[in-house]
Amino acid sequence: MNGMSMDVRPFSADPLGWIIAIAGAVVTLWTILFAVRAMVSPGETDPSHPKQLILKDDR
């Protein structure tokens, strides 16, 4: 085939591509976990704080 060969190995991507993809996945996971933690335990105890308004049971 004219000296061309197809590389079909499962991990044939360049290492920089893997580093960027893994870094993106780590940042995304960290962001989701931080957002969930901030919603579950906002850390604000003042009843008139906007974070507490969304957590009221009457909604």
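Given the criteria of a type outside the set (D, E, K, R), surrounded by 10 or more Cβ atoms within 10 Å (Cβ to Cβ) and modelled with pLDDT under 70, does residue 55 qualify? Write out each step before concluding.
Working: of a type outside the set (D, E, K, R): yes; surrounded by 10 or more Cβ atoms within 10 Å (Cβ to Cβ): yes; modelled with pLDDT under 70: yes.
Criteria met by residue 55.
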| said: Restricting to the stretch 1-52, count the residues that are in a loop (DSSP other than H, G, I, E, B) and either aliphatic (A, V, I, L, M) or modelled with pLDDT of 85 or more (or both). | reply: 5
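The values are calculated or read from the model by the stated rules, or taken from the named source; none is laboratory data. Since we're looking at a predicted model, the values are computed, not measured. In this analysis, Cβ positions are derived from the backbone assuming ideal geometry, glycine residues included, and neighbour counts consider all displayed protein chains.
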